[in-house]
Amino acid sequence: MKLRGVYAITDSQLLAGKFLKYVQAALDGGITLLQYRDKSNDEARRLREAEKLRQLCEPYKAHLIINDDAELAARLNVGVHLGQTDGPLTPARALLGRKAIIGSTCHASLDLARQAAREGASYVAFGRFFASQTKPGASPASIELLSQARAELKLPIAVIGGITLDNAAPLVAQGADLLAVVHALFGADTAQEVTRRARALNALFETA
Ligand SMILES: Cc1ncc(COP(=O)(O)OP(=O)(O)O)c(N)n1
Ligand SMILES: Cc1nc(C(=O)O)sc1CCOP(=O)(O)O
Ligand SMILES: [Mg+2]
């Protein structure tokens, strides 16, 4: 399975009232991964929404990833993204099986990425590369780190944090495989614009 392209991440506040419509629009735009990121404790709603997203993803062959919650991912037989305080990778891999996509937040640290690779991650994520409206407090990462990581790591590399159509090209040129975006996609005024932006971000991989 090739992990390359646009990695759309949901935001429950930003998508209020248009959640499924905008996700469908992103899928129409050809996203590779969709992350369900909901920071609430409403387990029933989280299960319902994640199930719906899995159904939506299926005909597009896009992969659903659950943020933070390996148990929910196991329940739905989909992937998970784990940050440094979201639980260890090794038991998540044992729980989800060898084929599951498991991502790991590595901030700006090659050491964390090496460790994630040893512990069975499917991809590593570095960020934030630019100022982020979604997560303004995220710690910064530099494009130099990205080229070092690319030279050393065999795993796909996701980049995140304030990524837009205007700033993403250098990240792809330095070896990013996955452009993880919230606002640059789902902050659009219309569903048609979500699709257009997803296509335009995808097109950056064709010229790289
Ligand atoms: C693709 C991707 N990269 C990084 C993150 C951030 O994960 P984390 O540090 O656990 O922070 P939260 O997203 O849980 O607030 C991510 N979700 N996805
Ligand atoms: C969830 C998240 N994690 C980050 C990190 O740096 O680890 S930045 C971020 C938010 C990404 O949203 P946007 O594309 O709107 O900036
Ligand atoms: Mg997390």
Lysine pairs in the chain 8 or more apart or on different chains: how many have alpha carbons under 20 angstrom apart?
12
Take every Cα pair under 8 Å in the stretch 10-207 that's 6+ residues apart, average their separations, divide by the length, and report that relative contact order as a whole percent.
18 percent
Residue by residue through the stretch 105-115, the couplings from Karplus 6.51 cos²θ - 1.76 cosθ + 1.60 with θ = phi - 60°, in Hz, x for Gly and Pro, are 6, 10, 6, 10, 10, 5, 4, 4, 5, 4, 4
Using a Förster distance of 35 angstrom, determine the FRET efficiency expected from the C-beta separation of T90 and A16, and round it to 0.05.
0.45
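What's the carbon and sulfur percent of the stretch 92-208's accessible surface, probe 1.4 angstrom, rounded to a whole number?
Values: 2860 of 5460 Å².
After summing per-atom areas, the C and S share lands at 52 percent.
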Along the stretch 40-48, what does the Karplus equation 6.51 cos²θ - 1.76 cosθ + 1.60 (θ = phi - 60°) give for ³J(HN,Hα), rounded to whole Hz, x for Gly and Pro?
7, 9, 7, 5, 5, 5, 4, 5, 4
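For A203 and T164, calculate 0.36 nm times their separation in residues minus their Cα-Cα distance, and state this gained length in nm to one decimal. Could the numbers behind the result be given before it?
Numbers: separation 39, 0.36 × 39 = 14.04 nm, distance 1.30 nm.
Separation in residues times 0.36 nm, less the Cα-Cα distance, equals 12.7 nm.
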Average accessible area per residue (Å²) across the chain - probe 1.4 Å, nucleic acids and ligands excluded
48 Å²
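Give the carbon-plus-sulfur fraction of the accessible surface of the stretch 1-91 in %, rounded to a whole number; probe 1.4 Å, heavy atoms of protein chains only. Intermediate results must be reported in sequence, preceding the final value.
Values: 2090 of 4480 Å².
Within the stretch 1-91, the accessible surface is 47 percent carbon and sulfur.
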Dividing the convex hull volume of the alpha carbon atoms of the chain by its residue count, what do you get in Å³ per residue?
111 Å³
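Cβ under 10 Å from G120's Cβ, G120 left aside: what net charge do those residues give with Lys, Arg +1 and Asp, Glu -1? It would help to have the intermediate numbers written out before the result.
Numbers: positive: R93, R98, R118; negative: E119.
Surrounding charge for G120 is +2.
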Lys, Arg +1 and Asp, Glu -1 on Cβ, resulting dipole of the stretch 1-159 about Cα centre, debye, nearest 20
400 debye
Would you check the accessible area of S139, probe 1.4 Å, heavy atoms only, in square angstrom rounded to 10?
50 Å²
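The values are calculated or read from the model by the stated rules, or taken from the named source; none is laboratory data. Fair warning: this is a prediction, and the values are worked out from it, not measured in the lab. Methodologically, a virtual Cβ is constructed for each residue, glycine included, from the backbone with ideal geometry; neighbour enumeration extends over all protein chains shown. For the accessible areas, the whole protein counts, side chains as well, though only heavy atoms, and no ligand, DNA or RNA atoms are used. Shrake-Rupley method; radii C 1.70, N 1.55, O 1.52, S 1.80 Å.
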